[in-house]
1. Would you tell me the mean number of C-beta atoms belonging to other protein chains that fall within 10 Å of each C-beta in A:448-460, as a whole number?
2. Distances in nm, one decimal, shortest first, from residue A:160 to the same residue in every other copy, taking the label point 7 angstrom along Cα→Cβ.
3. Only Cα pairs under 8 Å and at least 6 apart count here; give the relative contact order of chain B as a rounded whole percent.
4. Calculated from DSSP H runs of 4 or more alone, at -39500 (n - 2.57) each and per residue, what is the 222 nm mean residue ellipticity of chain B, nearest 500?
5. Relative contact order for the range A:377-470: what is it in percent, counting Cα pairs under 8 Å that are at least 6 residues apart?
6. Before anything else, pin down the relative contact order of the range A:136-251: Cα pairs under 8 Å, at least 6 apart, normalised by residue count, whole percent.
7. Apply the Karplus curve 6.51 cos²θ - 1.76 cosθ + 1.60, θ = phi - 60°, to the phi angles in the range A:445-460 and return the couplings in whole Hz, x for Gly and Pro.
8. Using only the Cα atoms, what convex hull volume per residue in Å³ does the protein assembly as shown have?
Protein chains: 2
Amino acid sequence: MQRNILTRLLSSPCPRLQRYKSVSLTSEQYPNLKRGDFARLQDSDVQTFTRILGSGNVLTQPDDVEGYNTDWLRTVRGQTRCVLKPKDTEQVSEILSYCNERRIAVCPQGGNTGLVGGSVPVFDEVVLSTSQMNKILNIDLDSSTVVAQSGVVLEALDTELSQYGLMVPIDLGAKGSCHIGGNVATNAGGLRLLRYGSLHGSVLGIEAVMADGQVLDCLNTLKKDNTGYDLKQLFIGSEGTLGVITKVALALPPRPKSINLAYLSLKSFADVATVFRRSRADLGEILSSCEFIDKECMKCVTENLNLSNPLGQSEFYMLIETSGSNPTHDEEKLNNFLENMLAEEIVSDGTVATAPSKQKEIWQLRERIAESLLVDGYCYKYDISLPLSVFYQAVLDMRQRLGDRVVTRCGGFGHLGDGNLHLNITTPNYDQEVMDLIEPFLYEWTSKYRGSISAEHGLGFKKRNFIGFSKSAPAVMLMKKIKQEMDPHGILNPYKVLPDF
Amino acid sequence: MQRNILTRLLSSPCPRLQRYKSVSLTSEQYPNLKRGDFARLQDSDVQTFTRILGSGNVLTQPDDVEGYNTDWLRTVRGQTRCVLKPKDTEQVSEILSYCNERRIAVCPQGGNTGLVGGSVPVFDEVVLSTSQMNKILNIDLDSSTVVAQSGVVLEALDTELSQYGLMVPIDLGAKGSCHIGGNVATNAGGLRLLRYGSLHGSVLGIEAVMADGQVLDCLNTLKKDNTGYDLKQLFIGSEGTLGVITKVALALPPRPKSINLAYLSLKSFADVATVFRRSRADLGEILSSCEFIDKECMKCVTENLNLSNPLGQSEFYMLIETSGSNPTHDEEKLNNFLENMLAEEIVSDGTVATAPSKQKEIWQLRERIAESLLVDGYCYKYDISLPLSVFYQAVLDMRQRLGDRVVTRCGGFGHLGDGNLHLNITTPNYDQEVMDLIEPFLYEWTSKYRGSISAEHGLGFKKRNFIGFSKSAPAVMLMKKIKQEMDPHGILNPYKVLPDF
C-alpha cells in the first residue's frame, strides 16, 4: 500500500531524480549534526563490493541510489553514493567484515517504509538493502513455523502461508512493501498485536550478521529454549544498530476460518473506551483487532483519498474485528455484543462486514489514513502509548495548545486495544513554530503519564534524542554499553536509536 | 505443590539439619570445580547486612540457612552461612552495592523450585531471598496489567487476580511455592504456553537491581514501547546472573468463563501426534493446553503417589484443555472434535471433566509426575525441545541405550503442544554408569535434530557446560561479554548459566 502511494505521490512529470530533490538533505536540516569519523567511499571499495556481490548488485548511479536516500514520509534525505544488494548471509558477512575493517558506515534498509528516518542514510552511509534476500526457506506444518530470509515482503509471506492455513502474526498498512526482517528489526506492531502479541513473543529465531561480519546463528524454530540469554531479543527493535538480520523464524497462528468486521460510529471517547472494555469481555478469545478513528482523521482519509464512509458523520469510529474457527459461534458472539451496545445506546450506528471485499473497503478507511495525511503537505507524526484513562486527552490538549494557529488538522487514530495512539498534525509546509509548540510539549505530556514516546515506530533518526522521556539514564547507559560491545566502531546505522549526548 | 512434597519427603524423625545433610555438598560432588576469587564472609559483613535489613531479616544460624542451600530435587547442596531477606528495591540495591564493593558472591533465590541447581549456592555465596518482597503493587483493569514485587507466589497472584476476572498467563506444578520473579528470571514455561505464549511476550516491564546496586527501571505497563533496546528481555531467562529482579509488570489475559478438560487414552505416539494436530485445527482459539503422558510415567504417578487413573491401562494418555468465553460454544467444539477422534479410532477411550474438582484430580496425574519420580530414589531429569517428527523417539532411543541395565524407569511426559519433552530416568541411588550412558549421548541426540537441551528448566548449575549443544560459539561469546559488562566482578549467581570454559 505504501509503495503504491509513494509511486502515486511521485508521479509528477519532472525527471525521477528531481522529485527526490524536493526533500531537503538531512545534513542541511540539521546543520549542527556532525558526520562520524567514518571512511569516505573510494573506488577501491566499490570494486571490492562488486567482487563480492557481482556488478548488478552494486548501485552507484545517482539515479539508481536516490530512492534509497529518502524516507517514505519525505522528511529526511541522505547522500549515499552506493547501494549494496546481497543475496545471502555470506555476502552480508563479507560486506560487513570489509566495512568494519575500513570503518565504512552502513545503513541497513528493508522496504524503506519506516516513519522515523531510521531506514535511510543521514550522511553518506552505504545502504545495505535486503531486497534480494527474499526467499522463504522452510514452512513446517507440524510446528507451525516459517523460516525466511529477511527481505521477504510481509504480504508475500502471508500469501504463501495462506495456502497452508497459516498466517503471519503481524499485519500493517505497509504490508505490500515492508520486509519481514525490517518488521523484526523495528519490532513492528500493527493491527493485530492485541490478539497475537508482540514480535518478542512470535519471533522464534534470528540469524544476524554482527558488525565485524561474524554470523550469529540464533535461528531456532523451537517454541521453548532456555539455554542462556535470549540474544535474539536484542535485535528485535534495535533498528539495524546491533547487527543485520539475515533470517527470521516465526511461530505462526492458524489462519482463522471466520473473520467478521464491525464498523461503528460513536458520540464520545468515553463510549469508545466502553466499547473496547466490553468487546474484550464479550468477544474474548475471538477479538482480533480494536481500532479507532476520530472525526478529523476520517475527514482526511475520505476527502484526501476520495474514499466513501458507509456511516454518517460522527465524532468517533471504531473497527472491531473477530477471527475464529467457527463462523456460527463467532457471528453469535459478535451479534450479541453489538445488540447490547446498540440497545444501551453506547454505539450510534454500525455495520458488520463478512465478505472479504467489503472488509477490505472498510479497512482502507483505517489503513490509508497515514497516506491521506501526506496529501495535506507536511505531517508531524506521533506514535505514543498511553493509559486508556488519558488516551484521547493527548489530542484534545494538543489542539488546545495549537490554538488559533493555522494547522490543517490535528487528529488521532490507532490501536486502541493496545493503548497506542497515532497523533498527527498537518500543515501545508514544514513550520518551525508549529514544531516548537509540539515538541517537547507532547513528549513531556506523555512522560507525565509514564507513556511511551514511540509505541511502535521506533526512535530511528528523528526521535533518538527524546529517548530520555521514556527511558531512565541507567537504561540508556546500558544500551550504549551493549552497542559499544557489539559494534565497537559504530558502523551500523549510525545516528539512529541512541541519543547524541 | 512442590513445597508440600518437600515437606513430606523430609518428614523423617531425624533432626531438621540432619535431613539436608543426606545430600552431598556440591563442592564434594564436583571436586574439580574451583571457588571463585570472592571475599569470605566476615562478621563485619553480617553487621552491615543487619544494619540494612534489620536483624530478623539476616539469617546466620545453621538450622535457619540450611533449607536455602539444598535444591528441591535434593541433588546439589551449597554452604551459605548467610541468608538475606530484603523487603524492597532500596534494600536490594544497598546489599548489592555493598557486596559488589566487597566482592561477596550472591545467589538470588525465589521459591527454590528450580530443577537445574540454579537457585542454591554452589559454595558459600550469600543467599538473597525474595520471599519478603511479596506485595502486589497495582492491578489495572483498563489495561489488564499487574505490577508486583518479585517475591509474590505465583498461585497467590493468580488467586488475587481471579477476583477481577483476570489470570496470570503462566501456570506450573510448583505454583504454590514459586515466585513470579523467579518465573521471570528463569523464563518459566508451564502448562499453558501453547495458548498464552512465553514470558518474553507477557512481561511488559521489569525493575531490576544491577550488580553494582544501580536500579534499572524498565517497569513499563504499556503493551507497546519501541524506545531503544528492549533491555528487560535480557533478564528474562538470565537466572539471576545479570541482575536481581525486584518488580515485574505482566499483561494479563481475561480469566476464561468456561474450562473443559478432556482426558484421553491412545495406543501409539503416532495417534498422540494426530490428536495434537487435529485439536489445533478443530479447537482453534479455545485450545489452552495439550499435554501427554506415557505408560511409564502414568505408572509412576499412580503407584508412587497412590492416585487413581480413571481410564484403563494404555500406552499413552493426553490432557486437552479448552478455555473460552462461551460454555455452549466451547462444549460444542470439544464434543465435535472428540466424537470425530473416537469415530476414527484415533483415541481409544476418553472422559471430559467440566467440574473444577474433577479437573483438578485429572491434572494431578500430570502435575505430580515430577514429585512421583523422586519417590523412586534418584532422578536423572531432562527437559528438551524437539520437532514433533522425532519427539518420542528420544525416549525409545534412550531406553534402547540403557538396555538391560537396571534402571527403575525411563519415561516421557510433557508439553506436547510446545514440542517440550520431559524425559526422566530413575534409579534407587545415583549411579555414575547410568549417568555416563545418558550424558552426553542425549545432548548429542537432541543437538542432531536442532532441539534445545533445556526447553524450560534453564541451564543453572547442572547444565551450563552443555550450552554448546544448543548455542553456537559466537552466541556464547556474546553472552559472556554481556555478563562481563553488566556484572564485571561476577558476583551475581556465579557458576550458573555460562560455561566454565
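1. So the per-residue partner count for this stretch is 3.
2. Listed shortest first, these distances are 4.7 nm.
3. Relative contact order comes out at 15 percent.
4. -9500 deg cm²/dmol
5. 37 percent.
6. The normalised contact order for the range A:136-251 reaches 31 percent.
7. These are the phi-based 3J(HN,Hα) values: 4, 5, 5, 4, 9, 6, x, 10, 6, 8, 6, 9, 6, x, 9, x Hz.
8. 165 Å³
Just so you know, all these numbers are worked out from the coordinates, no wet-lab data involved. Keep in mind that what you see is a predicted model, and the values were worked out from it rather than measured. Backbone-built Cβ (ideal geometry, glycine too); neighbour counts: all protein chains shown.
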